[in-house]
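The values are calculated or read from the model by the stated rules, or taken from the named source; none is laboratory data. Every value quoted in this text rests on a predicted model; they were computed, and no experiment measured them. Positions of Cβ are backbone-derived with ideal geometry, glycine not excepted, and every protein chain shown enters the neighbour counts.
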Ligand code: TXA
Ligand code: MG
């Protein structure tokens, strides 16, 4: 009877539940890895493979096959007008995909590829509209991760890959995160351990007259402007779009990851921030709520109340970027009602960190002295 029920269940869900292979890959043995060969075959045949990059895990499919790209949207529950990034393993692969590569784009690619920088160009006909969400432009990057590069080579085709999370959840930085969201919905997950950078690539639109930064990342504004002089910064990176405004990156118009609990960022002098968060935590606990606190290695010993999680060393922003999505995911498993987070200087890598935290907080910021912004 149990067997009968189970098989009925499997039959009814045949289209929904896939048998996902999860393969651990050791970096030393990538070249001969049978798992990479199998993964390449899956991509070639139009299937889905999640894989690590240096930024976050990606959910990959053959970028040149419309039906394969469609499967990505289905597995993630992603709106079909939100375009995908195409991943290549050699710079020469770019010529098959895009038109009009400017001298500035060449300089940026020479400086930062392979690496966490995505450039947007006018697309060639070979790139299907299913991959670009209906746009005439296409986003391309060359990842700096041995597993990602080996997979692209093994597949022999460019790989379209958004972050490998269910739409609306934080980007995955471990294979376990990918399993949480996509096991049963994709053919294979390559486990390369925790990623290095932890936030998604910097996106620069090179398709217009002036390069425009659409999403900040580990390639910072300072690094970009050392190479090219005229970079515009899309507003909407640190503040919400006003009614009637249309963001250039379609992904930015969608509701971004919001934790289950209400997240508030607290700004101000570090000592005042700690004091304000402690006060807020005690107040909420007195009212019977459960509170989470996002703090740093430098401040964690000063908190007593609530679920306290360190996001990294304030003195080393790259450690904060690396743990940001990890900590936000952790809070979704802890049963808290309110989360208070310290905030960070929005220069250099901090610009990208604050962009992700602001979006997660729905731009909800409190000044430590008690004055409220955007409230
Ligand atoms: O680091 C990364 O970029 C990761 C890894 C997997 O490579 N990928 C990633 O992809 O973050 P995704 O899909 O989560 O974010 C891509 C962003 C979206 O906001 C999308 O709207 C924007 O890039 N985008 C893609 N193509 C575009 C285009 N042609 N014009 C404007 N924005 C575009
Ligand atoms: Mg994403």
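Which of the residues spanning the range 55-67 are within 17 Å of residue 139 (Cβ to Cβ) and either crowded, with 21+ Cβ neighbours inside 10 Å or within 16 Å of ligand 2 (Cβ to nearest atom) (or both)?
Scanning the range 55-67 gives 55, 56, 58, 59, 60, 61, 62, 63.
Would you check if residue 258 is in a loop (DSSP other than H, G, I, E, B), at pLDDT below 90, more than 13 Å from ligand 1 (Cβ to nearest atom) and under 20 Å from the mean Cα position of the chain (by Cα)?
Criteria met by residue 258.
Hey, any hits in the range 171-184 for a residue that's out of contact with any strand residue (DSSP E or B) (no Cβ under 6 Å at 6 or more places or on another chain), within 14 Å of residue 84 (Cα to Cα) and within 16 Å of ligand 2 (Cβ to nearest atom)?
Scanning the range 171-184, I find no residue that is out of contact with any strand residue (DSSP E or B) (no Cβ under 6 Å at 6 or more places or on another chain), within 14 Å of residue 84 (Cα to Cα) and within 16 Å of ligand 2 (Cβ to nearest atom), so the answer is no.
If you scan the range 32-56, which residues turn out to be within 23 Å of residue 352 (Cβ to Cβ) and assigned to a helix (DSSP H, G or I)? Step through it out loud before you land on a result.
Of all residues in the range 32-56, those within 23 Å of residue 352 (Cβ to Cβ) come to 50-56.
Correct list: empty.
Which residue is nearest to residue 111 (Cα to Cα), if the candidates are limited to the range 132-158 and must be near ligand 1 (Cβ under 9 Å from one of its atoms) and in a helix (DSSP H, G or I)?
Among them, the one singled out is 148.
Please count how many residues of the range 77-100 are more than 11 Å from ligand 1 (Cβ to nearest atom), within 22 Å of the chain's Cα centre (by Cα) and more than 16 Å from residue 116 (Cα to Cα).
Within the range 77-100, residues that are more than 11 Å from ligand 1 (Cβ to nearest atom), within 22 Å of the chain's Cα centre (by Cα) and more than 16 Å from residue 116 (Cα to Cα) number 2.
Quick check on the range 306-327: of everything there that is in contact with a strand residue (DSSP E or B) (Cβ under 8 Å, 6 or more places away or on another chain) and buried (at least 23 other Cβ atoms within 10 Å of the Cβ), which residue is nearest to residue 170 (Cα to Cα)?
Result: 311.
Return the only residue of 243, 301, 276, 281 being at pLDDT 95 or above, surrounded by fewer than 19 Cβ atoms within 10 Å (Cβ to Cβ) and over 21 Å from the mean Cα position of the chain (by Cα).
Numbers: 243 fails: at pLDDT 95 or above; 276 fails: surrounded by fewer than 19 Cβ atoms within 10 Å (Cβ to Cβ); 281 fails: surrounded by fewer than 19 Cβ atoms within 10 Å (Cβ to Cβ).
Within the list 243, 301, 276, 281, the selection yields 301.
Select from the range 182-196 the residues that are assigned to a loop (DSSP other than H, G, I, E, B) and either touching a helix residue (DSSP H, G or I) at 6+ places or on another chain (Cβ under 6 Å) or at pLDDT below 95 (or both) and write down the one among them that is surrounded by the most Cβ atoms within 10 Å (Cβ to Cβ).
Across the range 182-196, the extreme among qualifying residues is 186.
Looking at the range 197-225, which of its residues are in contact with a helix residue (DSSP H, G or I) (Cβ under 8 Å, 6 or more places away or on another chain), more than 16 Å from ligand 2 (Cβ to nearest atom) and outside any loop (DSSP other than H, G, I, E, B)? Break it down into steps so the answer makes sense when it comes.
First, pick out the residues of the range 197-225 that are in contact with a helix residue (DSSP H, G or I) (Cβ under 8 Å, 6 or more places away or on another chain): 197-199, 202, 204, 206, 211, 213-221, 223-224.
After this cut, where a residue has to be more than 16 Å from ligand 2 (Cβ to nearest atom) as well, the list is 204, 206, 211, 213, 219-221, 223-224.
Within the range 197-225, 204, 213, 221, 223, 224 qualify.
Would you mind stating whether residue 139 is surrounded by 20 or more Cβ atoms within 10 Å (Cβ to Cβ), modelled with pLDDT of 95 or more and away from ligand 2 (no atom under 16 Å from the Cβ)? I'd like the intermediate steps shown before the answer.
Values: surrounded by 20 or more Cβ atoms within 10 Å (Cβ to Cβ): yes; modelled with pLDDT of 95 or more: yes; away from ligand 2 (no atom under 16 Å from the Cβ): no.
Answer is no for this residue.
Could you list all residues from the range 159-170 that are within 14 Å of ligand 2 (Cβ to nearest atom) and not in a loop (DSSP other than H, G, I, E, B)?
Of the range 159-170, the ones within 14 Å of ligand 2 (Cβ to nearest atom) are 160-170.
Within the range 159-170, 160, 163 meet the criteria.
Could you tell me whether the range 341-351 includes any residue that is over 24 Å from residue 233 (Cβ atoms) and out of contact with any strand residue (DSSP E or B) (no Cβ under 6 Å at 6 or more places or on another chain)? If you could, list the steps in order and put the result at the bottom.
As a first pass, look at the range 341-351 and keep what is over 24 Å from residue 233 (Cβ atoms): 342.
Going one step further and asking which of them are out of contact with any strand residue (DSSP E or B) (no Cβ under 6 Å at 6 or more places or on another chain), we end up with none.
No; the residues of the range 341-351 include none that is over 24 Å from residue 233 (Cβ atoms) and out of contact with any strand residue (DSSP E or B) (no Cβ under 6 Å at 6 or more places or on another chain).
Could you tell me which numbered condition residue 27 fails, if it satisfies all but one of (1) away from ligand 1 (no atom under 13 Å from the Cβ); (2) more than 28 Å from residue 168 (Cβ to Cβ); (3) modelled with pLDDT of 95 or more?
(3)
Any residue at all in the range 87-106 that is farther than 20 Å from residue 207 by Cβ and touching a strand residue (DSSP E or B) at 6+ places or on another chain (Cβ under 6 Å)? Full working, then the answer.
Restricting attention to the range 87-106, the residues satisfying the condition of being farther than 20 Å from residue 207 by Cβ are 89-90, 92.
Within this subset, residues satisfying the condition of being touching a strand residue (DSSP E or B) at 6+ places or on another chain (Cβ under 6 Å) are none.
No: zero hits.
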